[in-house]
Every structure is written in structure tokens, then in C-alpha cells.
Amino acid sequence: MDAPVSDGTNRDQDIVELPHTGARERAFEALLERYEGKVYRLCCALLRDRSQAEDAAQESLVRVWKALERYDGRAALSSWIYAITRNRCLTALQQRRRHEPAQEPNDDAQQTAQGAAPEPWDGRTEELRGLIETLPERLRRAPLPYYYEERSVSEVACMLGCPEGTAKTTLFRARTALGELLKRRGLDDPAYWREDVS
Amino acid sequence: MNARKPTELELALDEALGRALRAPQVPHSFRARLSAAVTRTAGIHWAALREQMENERREQLRRLQREYVRVRRSTIVTLLAAAFAAGAAAMLAMPWLRAHLGSYAPMAVAWSGAALGLGMTFHEPLRALLRRWSNAP
């Protein structure tokens, strides 16, 4: 089920070296090509709110831009970028909790968090999304980036800043919890979920 | 590590989750907004320049304030010195003035001092007034 592990450290060497030769803009351009989408998706996964995710992704990338020349290469570029993004998202979550303690992310956001791409209306898909929303926050965090990033556990671990083993365990627990929920609701027939959407 | 074979339900659920959790697309306007934000950040140089100018202005104001205080202090010192000097001069000149002016001497000294003070105070306006009179047709 897992996609091959990408070697982020070697892959980003070209970007890492550019700022030191004075080509900060080029480095940032290359960085955006590689990480813009991932940063945005991580923000969507953590915040589950389209506009907040967009703002957080933008602010995170601006912070990356500001700090790019100071990046010392001690951590992999991807880990560094994701750490900045996570911190920004955690701040946004704290602010959200302070200002709107009882309010959940808006409907529009929910749609984005699970994939904004237009698709044929399917009751099961909506059902599944609803079930994921009922999972505890700590379990919900891993599946979203896992499926966003084409089932790459290493990418999820890097995004969430945890060891791969932890990411795998969280995914396993999330799937188990989801399976339990399906059983409880009598939706545990594999054929029901496998049926062609179209 | 759990190496057991996934069940039918788990496989089906994985498929369904893959369908349900599609990666959200980055909005079209995102790059433009980001570029604008980065450009604003690059404007940090302007902000730094502004801060530097404000610092310079503050320093200049502090210098002016120090200068003002110094001038005020020296003016007061000058006035006091002039007053004491005038008193001393009057004391020295008093015997000679008494000999020549008699009992009018203190009055003459007081009037002379008042005239000198008024002259010094209204020196500039008086000169302007005289200049205007002399230029008048």
C-alpha cells in the first residue's frame, strides 16, 4: 500500500545550494515547484478549512522565503519546510480554539479538507468523510496527508514531524477505528465500499 | 510491525478512502497572492530605511533639545552675571555720582538701568521702526 520512500535530502540539494550563490529567487521558485502543493495540502489536513489553509500555507512559504538564506542544512529541506508549516498551523489552531471554542471548521472547509476536486455525487464518499470527521484529532491527522500524498508513509511522517513507525501506527489505528465504526453501523461489507462510483 | 495480510474490508476501505480523500488542488490565485506577499516582505528594506530615518530624526530632536537647554542655561547665567555686574558697577560709581548729582544719584542709577534694560529688550523692534521712518517718503 505504501509508495516508495523519496530521498528528500539528496533531491533538494540543488535548492539548498542556490541561495549561497546569490540565486535566492531561483531557489525559492524551485522550492515552490516542489513544495507549494504539499505545504497547502498539509495545511488543509491540519486545519480542515480552505481559507485558513490558504492563509497558513502562504504565511508559511513567506517565512520560508525570509529564512531561506539562514537555512543551514542541518535538517532535510522538506523537514524544515514542514516544521515551519506545522508551527504556523498549530498557531492557527490555537487561535481558532481561543476565538471560536465551540465552532468546527465550516462546511466549505470540510469539502476542501477531503478533496475539493469536483466529483460525481456519491453518498458513500460523503458517509466516509463524515466518519473520518468523527475520529479523534490525533488519528485524523495521519490519513488525510497519507491519501493526499499518494499513500507515502515517509512523506506523512516527514509532514507530521514524527518517525515513520509512529505514522504507520497512527494510520493503522485510524483504519482500525474506522473499521470499528463501519461495523457498528453495519457498513462493513467490502462490496459496498468497492462498488464502482461512476 | 503488523505484517498480517489485510482483510477484504481493509482493502476495500483503502480504495474508498483513496477516492474520498482526494488531494485538494492549490487555488489558482495562490501563487499570485504568495508573490505579492513575498514582494511586500522584500519591502522590508523600505521599512528598515524608514526606521533608520525615524531614528535619525529622534536623535536630531534629542540634540536640539539638549542645545535648547544649554542656551537657556547660558542665557540665565549671562543675565545673572550682567545683573551682578551692573550692581557692582553701580556701587563703585555711587560715590562719584553722589558727588555730582547729590540726592538724585540713586534715582539716576535706577532710571539708567531701566533705560538700558528697555533698550536691550526693544532694541530690534526700535531699529526696525527707525528704519521704516527713515525710508518713509
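Residue check: is residue A:161 under 17 Å from the mean Cα position of the chain (by Cα) and open to solvent by 40 Å² or more (accessible area, probe 1.4 Å)? Against the criterion (under 17 Å from the mean Cα position of the chain (by Cα) and open to solvent by 40 Å² or more (accessible area, probe 1.4 Å)), residue A:161 qualifies.
Looking only at residues in the range A:164-175 that are among the hydroxyl-bearing types (Ser, Thr, Tyr) and in contact with a helix residue (DSSP H, G or I) (Cβ under 9 Å, 6 or more places away or on another chain), which one is farthest from residue B:13 (Cα to Cα)? Step through it out loud before you land on a result.
Our first condition is that a residue be among the hydroxyl-bearing types (Ser, Thr, Tyr); within the range A:164-175, this holds for A:166, A:169-170.
Cutting the leftovers down to in contact with a helix residue (DSSP H, G or I) (Cβ under 9 Å, 6 or more places away or on another chain) gives us A:166, A:170.
Values: A:166: 21, A:170: 16 Å.
The extreme case among them is A:166.
Within the range A:122-136, being closer than 12 Å to residue A:173 by Cα and not aliphatic (A, V, I, L, M) holds for one residue alone: A:136.
Taken over the range A:79-98, the criterion of being closer than 14 Å to residue A:67 by Cβ, open to solvent by less than 10 Å² (accessible area, probe 1.4 Å) and not aromatic (Phe, Trp, Tyr) is satisfied by A:81, A:85. The set of residues in the range A:73-97 that are farther than 21 Å from residue A:29 by Cβ and not in a helix (DSSP H, G or I) comprises A:74, A:75. For residue A:131, the criteria (1) more than 8 Å from chain B (Cβ to nearest Cβ); (2) within 17 Å of residue A:86 (Cα to Cα); (3) not acidic (Asp, Glu) hold in every case but one, which is (2).
Quick one: is residue A:61 farther than 17 Å from residue A:146 by Cα and either assigned to a helix (DSSP H, G or I) or in contact with a helix residue (DSSP H, G or I) (Cβ under 8 Å, 6 or more places away or on another chain) (or both)? Judged against the criteria, residue A:61 is a match.
The values are calculated or read from the model by the stated rules, or taken from the named source; none is laboratory data. Just so it is clear, the model here is predicted, and its values are computed rather than measured. In this analysis, Cβ positions are derived from the backbone assuming ideal geometry, glycine residues included, and neighbour counts consider all displayed protein chains. Please note that ligands, DNA and RNA were not included when accessible areas were found on the heavy atoms of the full protein model with its side chains. Shrake-Rupley method; radii C 1.70, N 1.55, O 1.52, S 1.80 Å.
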